[in-house]
Amino acid sequence: MSPEGRLHLRDEIRVVERNALSGIELVADAIDRTLRVIADRDFGMADMVIADDDRIDGRFLESHHEILTLMARQAPVATDLRLLAALLDVIRRIERMGDQCVNVCKIILAAPQPPEDDLGLSKRLLEMGRQARQLALDSAVAFQKRDAALAERLCELDDRIDQLNREVFQIAVALAGDPEAREWAMLMTGVARALERIGDNAVDIGEESAFVASGVYREFEDASHLVDSAG
């Protein structure tokens with residue numbers, strides 16, 4: 001490929017990447033509205049989150065098509081190919097984050113009224129959501145800046161989400177002794193699990209960020225250990 005052709009390819013890749021990562025903004029908005037659903041049992045907002053997931057799905061399909069078309073037309077190699085391959089996984093993770101917001105809203109729609117004293121369970125769910133939102137935004141920054149160090153630090157924030165998830169489960173067990181609170185509490189563990197998965201997907205984007213930056217795929221095994229693997 002001529003130098004001019006390579007410059008043109010890089011320009012096209014930048015546009016594709018920008019469009020793909022913009023899906024995180026849609027996810028952040030969906031999380032914001034999902035938090036309102038949790039806090040206020042706003043069923044109208046829940047319906048909006050569910051309906052608007054089509055926007056996130058549409059962004060995924062659009063980016064998927066752009067990436068595959070660019071790969072087929074330009075046959076990129078080396079670092080360009082690595083970036084585009086990573087973006088294919090990133091957009092899938094973004095789409096799944098949107099799906100988890102939908103899952104939360106569907107659970108809230110089906111759940112009975114919370115108990116008068118929920119032992120702080122709702123507070124923990126809201127904190128999980130706020131942490132997951134920040135983690136999603138930070139993952140996009142790590143990818144955009146090719147910042148492997150920031151990508152690894154995503155695990156620290158995900159640690160907090162995992163701890164909150166465990167606390168929600170423990171509170172749900174405590175509430176299970178109350179027949180009127182039991183069903184709500186058990187359903188809220190599903191909400192916590194969905195929020196926890198948003199964090200997991202953000203960490204997965206961090207893994208792709210480190211891969212693009214270094215050329216070596218490193219699986220973030222847990223919140224503090226990295227295991228190198230061939231890639």
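The values are calculated or read from the model by the stated rules, or taken from the named source; none is laboratory data. Everything quoted here is computed from the prediction, not taken from an experiment. Because the Cβ atoms are built from the backbone with ideal geometry, glycine has one as well, and the counts that use them run over all protein chains shown.
Would you mind stating whether Leu109 is surrounded by fewer than 16 Cβ atoms within 10 Å (Cβ to Cβ), touching a helix residue (DSSP H, G or I) at 6+ places or on another chain (Cβ under 6 Å) and among the aliphatic types (A, V, I, L, M)? Give the steps one after another, and end with the answer.
Values: surrounded by fewer than 16 Cβ atoms within 10 Å (Cβ to Cβ): yes; touching a helix residue (DSSP H, G or I) at 6+ places or on another chain (Cβ under 6 Å): yes; among the aliphatic types (A, V, I, L, M): yes.
It is true that Leu109 is surrounded by fewer than 16 Cβ atoms within 10 Å (Cβ to Cβ), touching a helix residue (DSSP H, G or I) at 6+ places or on another chain (Cβ under 6 Å) and among the aliphatic types (A, V, I, L, M).
Mind checking which residues of the range 117-163 are touching a residue at least 12 places away in the same chain (Cβ under 8 Å) and of a type in the set (Val, Ile, Thr)?
Within the range 117-163, Ile161 is the sole residue that qualifies.
Which number in (1) among the small types (Gly, Ala, Ser); (2) surrounded by fewer than 20 Cβ atoms within 10 Å (Cβ to Cβ); (3) closer than 19 Å to Glu95 by Cα marks the one condition that Ala148 misses?
So the condition that Ala148 fails would be (3).
Please state which one of Ala185, Ala213 is part of a helix (DSSP H, G or I) and modelled with pLDDT under 90.
Numbers: Ala185 fails: modelled with pLDDT under 90.
Just a single option satisfies the conditions, and that option is Ala213.
For the range 71-90, give me each residue that is in contact with an Asp or Glu (Cβ under 9 Å, 6 or more places away or on another chain) and either closer than 24 Å to Arg55 by Cβ or acidic (Asp, Glu) (or both).
Across the range 71-90, the qualifying residues are Leu84, Ala86, Leu87, Asp89, Val90.
When only residues in the range 59-83 that are in a helix (DSSP H, G or I) and among the small types (Gly, Ala, Ser) count, which is nearest to the chain's Cα centre (by Cα)?
As a first pass, look at the range 59-83 and keep what is in a helix (DSSP H, G or I): 59-74, 78-83.
With among the small types (Gly, Ala, Ser) added as a condition, the list becomes 63, 72, 78.
Numbers: Ser63: 17, Ala72: 28, Ala78: 27 Å.
Once the filter is applied, the top-ranked residue is Ser63.
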